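Chemist: I'd like to ask you about the structure that follows.
The values are calculated or read from the model by the stated rules, or taken from the named source; none is laboratory data. All of these numbers come straight from a predicted model, not from anything done at the bench. Note that we place each Cβ from the backbone using ideal geometry, even for glycine, and neighbour counts take in every protein chain shown. Remember, those area values only see protein heavy atoms, side chains included, never the ligands or the DNA or RNA. Shrake-Rupley method; radii C 1.70, N 1.55, O 1.52, S 1.80 Å.
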Amino acid sequence: MGRTPVIAGNWKMHKGVAAASELLEKLLAAPHPDGVEVVVCPPFTSLPAAAMVLAGSAVGLGAQNVHWESEGAYTGEVSTAMLRELGVEWAIVGHSERRTLFGESDETAGRRARRAQAEGLTVIFCLGETLVEREAGTTLEVLGRQAAVLEGLDPSRLVVAYEPVWAIGTGVNATAEQAQEAHAFLRRRLGELLGQAPAADVRILYGGSLKPGNADELLAQVDVDGGLIGGASLDVDAFSAIIRAAARRAAEEKK
Ligand code: PGA
């Protein structure tokens, strides 16, 4: 079975209500090719407005994080039920900025992912090595460890995002070969954790300075099934160009 590409925009701490609505109206007005699943992940406060603009459209709505409990004394956190009430269907979990700046661990990322899935969200689970780890030759070891918490998750509600930390927001992207090597490794690892057949259907996205200029090359790799886009997702023209690149790849695969 072919894997429908996913192009997901991670807006990070950008775009309040007014700016989010404006961006999404422009995105919906842009011509949308078939064959690509498009998702946007605005900040929490912009989710209700985003849900209103996106209602009835094919663009999915995601949050940038989600807590592992349904309610309680967890200052600053948001539960799956709260997100679902707004029409959110996706959540990014374990982003490297959460890991490096806010103390997220493999274990807490795993807990978030499990709860989010159990309550009906599709999880975009992020992992990736730092520059120090890559230079030390431990990239695959790190990815293997980070992926371990995916054991037992529902493959049908799981998207994995390989995001080398050194490529995020730096303008320096992984080469197509580096991305393919990591993605192929992750797919083998998912095979061990989830079973071979389900792992073959899990979309593995590349993230880290993915832009219109490098999208074709990265998305052409056999195990690269789309992208998690930060900076370029804030610009409708750039984001649309990446969506079109993913649609070209999907069309070529069908031939
Ligand atoms: P970037 O961010 O595209 O700006 O590098 C990617 C991400 O953090 O998901």
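Chemist: Residues being in contact (Cβ under 8 Å) with a residue 24 or more places away in the chain, over 20 Å from PHE185 (Cβ atoms) and aromatic (Phe, Trp, Tyr): count how many of those fall in segment 86-139.
Modeler: Number satisfying all stated conditions: 1.
Chemist: Which residues, taken from segment 229-255, are of a type in the set (Gly, Ala, Ser) and within 16 Å of the ligand (Cβ to nearest atom)?
Modeler: Those that are of a type in the set (Gly, Ala, Ser) and within 16 Å of the ligand (Cβ to nearest atom): GLY230, GLY231, ALA232, SER233, ALA238, SER240, ALA241, ALA245, ALA246.
Chemist: Name every residue in segment 65-118 that is away from the ligand (no atom under 16 Å from the Cβ) and of a type in the set (Ser, Thr, Tyr), in order of residue number.
Modeler: Selection gives SER70, TYR74, THR75, SER79, THR80, SER105, THR108.
Chemist: For GLY226, only one of the following conditions fails: (1) more than 16 Å from the ligand (Cβ to nearest atom); (2) touching an Asp or Glu at 6+ places or on another chain (Cβ under 8 Å); (3) within 16 Å of VAL36 (Cα to Cα). What is its number?
Modeler: (1)
Chemist: Criterion first (within 12 Å of the ligand (Cβ to nearest atom) and either closer than 18 Å to GLN64 by Cβ or free of Cβ contacts under 8 Å to residues at least 60 places away in the same chain (or both)) does GLY208 satisfy it?
Modeler: Considered against the rule, which asks whether it is within 12 Å of the ligand (Cβ to nearest atom) and either closer than 18 Å to GLN64 by Cβ or free of Cβ contacts under 8 Å to residues at least 60 places away in the same chain (or both), GLY208 comes out as yes.
Chemist: Find the residue count for segment 119-140, including only residues that are of a type in the set (A, V, I, L, M, F, W, C) and within 16 Å of the ligand (Cβ to nearest atom). Break it down into steps so the answer makes sense when it comes.
Modeler: Restricting attention to segment 119-140, the residues satisfying the condition of being of a type in the set (A, V, I, L, M, F, W, C) are 121, 123-127, 131-132, 136, 140.
Now drop any that are not within 16 Å of the ligand (Cβ to nearest atom), which leaves 123-127, 131.
Of the residues in segment 119-140, 6 are of a type in the set (A, V, I, L, M, F, W, C) and within 16 Å of the ligand (Cβ to nearest atom).
Chemist: Shifting gears a bit: Looking at segment 166-197 only, could you name the residues that are within 16 Å of the ligand (Cβ to nearest atom), open to solvent by 40 Å² or more (accessible area, probe 1.4 Å) and either touching a Cys at 6+ places or on another chain (Cβ under 9 Å) or aliphatic (A, V, I, L, M) (or both)?
Modeler: Answer for segment 166-197, where residues must be within 16 Å of the ligand (Cβ to nearest atom), open to solvent by 40 Å² or more (accessible area, probe 1.4 Å) and either touching a Cys at 6+ places or on another chain (Cβ under 9 Å) or aliphatic (A, V, I, L, M) (or both): just VAL172.
Chemist: Would you confirm whether or not segment 164-185 contains a residue that is closer than 14 Å to ARG3 by Cβ, in contact (Cβ under 8 Å) with a residue 12 or more places away in the chain and within 16 Å of the chain's Cα centre (by Cα)?
Modeler: Yes, the conditions are met somewhere in segment 164-185.
Chemist: Which fully enclosed helices (runs of 4 or more DSSP H) of segment 1-95 have 3 or more residues being out of contact with any strand residue (DSSP E or B) (no Cβ under 6 Å at 6 or more places or on another chain), among the hydrophobic types (A, V, I, L, M, F, W, C) and surrounded by fewer than 16 Cβ atoms within 10 Å (Cβ to Cβ)?
Modeler: Numbers: elements: 17-29, 47-54, 80-85.
Correct list: 17-29.
Chemist: I've got another one for you. Looking at segment 101-152, what helices (runs of 4 or more DSSP H) fall wholly within it and have at least 3 residues that are touching a strand residue (DSSP E or B) at 6+ places or on another chain (Cβ under 8 Å) and buried (at least 17 other Cβ atoms within 10 Å of the Cβ)?
Modeler: 106-118, 139-147
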